[in-house]
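The values are calculated or read from the model by the stated rules, or taken from the named source; none is laboratory data. Quick caveat, the model's predicted, so the values are computed rather than measured. Every residue, glycine as well, gets a Cβ built from its backbone with ideal geometry; the counts of neighbours run over all protein chains shown. Quick note on the areas: whole protein, heavy atoms, side chains included, nothing else; ligands and nucleic acids left out. Shrake-Rupley method; radii C 1.70, N 1.55, O 1.52, S 1.80 Å.
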Amino acid sequence: MQHGISRRTLGRSAIGMIGTFAVLRHPRGEEALKLRCSLDTAPSHVRNVSIVDYLKKVEDATGGKVVGEVFHSGQLFADLNVGKALLQGQVEMAAPGAWTQTGIVPDCDFCQLPVFYGQKIETTERAADGKPGAYVAGQIETKLRVKVIGPWIDLGFQNYYSTRKPLTSTDDLKGLKIRSPGGAGISWRISFFGGIPNTTAWPNVPLALSQGTFDGFVSTNESCATAKLWEAGVKHSYQDHQYVGQYMPMISKAFWSKLTADQQTIMTDIWARNIGAYRANALAAQTRARQMMEQNGVSFSDPSPEQLAANRKLLQADVASLIRATKLSPELVRLSEDSVNGTA
């Protein structure tokens with residue numbers, strides 16, 4: 001595993017990669033294969049930093065024969081729309097959040113299963129890197145005609161955040177309007193604990209919070225800190241680690257087929273060598289974000305392992321309702337539970 005990569009270093013790389021690459025370093029002057037990558041988060045986001053670093057390494061390793069161009073902040077497409085863009089050849093690469101692809105492949109919601117609730121991040125990584133993840137990736141590759149180039153990038157633990165009401169247990173969610181980033185699984189869990197699901201686009205969250213449109217929401221420490229949501233009234237968080245959000249790196253098959261076998265190997269090998277560092281950077285970013293929020297007056301409640309286990313047992317008792325709501329396939333459910341229980 002490589003050492004972590006500083007944000008300052010990669011920030012400079014990100015700026016350098018926004019424009020089109022004009023200097024080709026490979027011999028004979030043949031035209032480089034140019035790869036457009038669409039991301040809907042800002043250049044400083046851990047996903048963007050990781051992708052920029054990866055594409056720079058690919059360019060160097062191929063001698064400039066494969067050149068990446070990253071479009072940040074939804075300049076081209078939002079994650080919700082990028083699958084169609086890949087199919088239509090409007091972009092060659094993306095790394096959408098798995099939760100944004102559930103309309104195409106419902107099994108992308110597998111991390112919402114109760115067996116993952118409150119578990120260590122390695123539990124989700126093991127499943128995503130193993131048979132459950134391969135099962136999901138196979139469906140994505142078929143339906144979107146893409147190549148998933150390797151293990152998924154972590155965003156981090158999703159938790160509850162609120163404005164006026166302190167959150168010390170899931171009992172405190174009862175009657176609250178809770179914003180969801182989307183997906184049937186998250187709405188099911190909010191409703192299970194007595195909350196009222198509300199789907200609001202992320203760019204509209206700060207204004208909606210300040211206007212009292214909802215009382216709380218599901219997100220990550222990093223996302224909250226990046227948006228400075230304490231300025232919009234966020235004061236409390238219940239850190240139940242309800243699931244781990246991950247991004248799926250994919251390249252269109254149309255572009256992939258233009259690469260030589262050696263170039264394909266270079267691209268998958270570079271990803272495999274660096275995913276450990278990218279995940280470590282994401283974890284560090286979440287830790288820094290919590291510290292920043294605490295410095296700005298946000299209080300945190302961390303449930304005990306016993307509390308998490310009790311909630312997990314309650315959720316598991318109603319897992320049939322979740323499966324119906326999310327349309328998860330029986331095979332995927334079995335693979336996920338086997339992975340968590342160590343029987344896969």
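Among the residues of the range 42-78, those identified as within 22 Å of residue 280 (Cβ to Cβ) and in contact with a His (Cβ under 7 Å, 6 or more places away or on another chain) are 42, 43, 48. Scan the range 111-143 for residues that are under 17 Å from residue 248 (Cβ atoms), of a type in the set (Ser, Thr, Tyr) and in contact with a strand residue (DSSP E or B) (Cβ under 9 Å, 6 or more places away or on another chain) and jot them down. 124 - this is the single residue of the range 111-143 that is under 17 Å from residue 248 (Cβ atoms), of a type in the set (Ser, Thr, Tyr) and in contact with a strand residue (DSSP E or B) (Cβ under 9 Å, 6 or more places away or on another chain). None of 315, 335, 259, 322 is touching a strand residue (DSSP E or B) at 6+ places or on another chain (Cβ under 8 Å), of a type in the set (A, V, I, L, M) and touching a residue at least 40 places away in the same chain (Cβ under 8 Å) except 259. Among the residues of the range 231-245, is there at least one that is among the polar types (S, T, N, Q) and open to solvent by 40 Å² or more (accessible area, probe 1.4 Å)? There is no residue in the range 231-245 that is among the polar types (S, T, N, Q) and open to solvent by 40 Å² or more (accessible area, probe 1.4 Å). For the range 300-334, the tally of residues that are under 16 Å from residue 105 (Cα atoms) and open to solvent by 20 Å² or more (accessible area, probe 1.4 Å) stands at 7.
For the range 109-123, filtered to residues that are out of contact with any Lys or Arg (no Cβ under 7 Å at 6 or more places or on another chain) and either part of a loop (DSSP other than H, G, I, E, B) or without any contact (Cβ under 8 Å) to a residue 60 or more places away in the chain (or both), the residue that is surrounded by the most Cβ atoms within 10 Å (Cβ to Cβ) is 113.
Go through the residues of the range 251-271 one by one and say whether even a single one is at pLDDT 95 or above and within 24 Å of residue 309 (Cβ to Cβ). No, the range 251-271 contains no residue that is at pLDDT 95 or above and within 24 Å of residue 309 (Cβ to Cβ). Note on the range 236-288: residues that are out of contact with any Ser or Thr (no Cβ under 9 Å at 6 or more places or on another chain), β-branched (Val, Ile, Thr) and closer than 22 Å to residue 135 by Cα amount to 3.
Any idea which of 78, 94, 134, 85 is over 20 Å from residue 333 (Cβ atoms), aliphatic (A, V, I, L, M) and open to solvent by 10 Å² or more (accessible area, probe 1.4 Å)? Exactly one of 78, 94, 134, 85 is over 20 Å from residue 333 (Cβ atoms), aliphatic (A, V, I, L, M) and open to solvent by 10 Å² or more (accessible area, probe 1.4 Å), namely 78.
Out of 194, 175, 183, one residue alone is small (Gly, Ala, Ser) and either surrounded by 20 or more Cβ atoms within 10 Å (Cβ to Cβ) or within 25 Å of residue 47 (Cβ to Cβ) (or both). It is 183. When you look at residue 52, is it farther than 21 Å from residue 189 by Cβ and at pLDDT below 95, yes or no? Considered against the rule, which asks whether it is farther than 21 Å from residue 189 by Cβ and at pLDDT below 95, residue 52 comes out as no. Annotation: of all residues in the range 80-108 being in contact (Cβ under 8 Å) with a residue 40 or more places away in the chain and among the charged types (D, E, K, R), the one that is nearest to residue 283 (Cα to Cα) is 107. Scan the range 48-56 and tell me whether some residue there is over 21 Å from the mean Cα position of the chain (by Cα), surrounded by fewer than 21 Cβ atoms within 10 Å (Cβ to Cβ), closer than 18 Å to residue 278 by Cα and of a type in the set (D, E, K, R). So far as the range 48-56 goes, yes, one or more of its residues are over 21 Å from the mean Cα position of the chain (by Cα), surrounded by fewer than 21 Cβ atoms within 10 Å (Cβ to Cβ), closer than 18 Å to residue 278 by Cα and of a type in the set (D, E, K, R).
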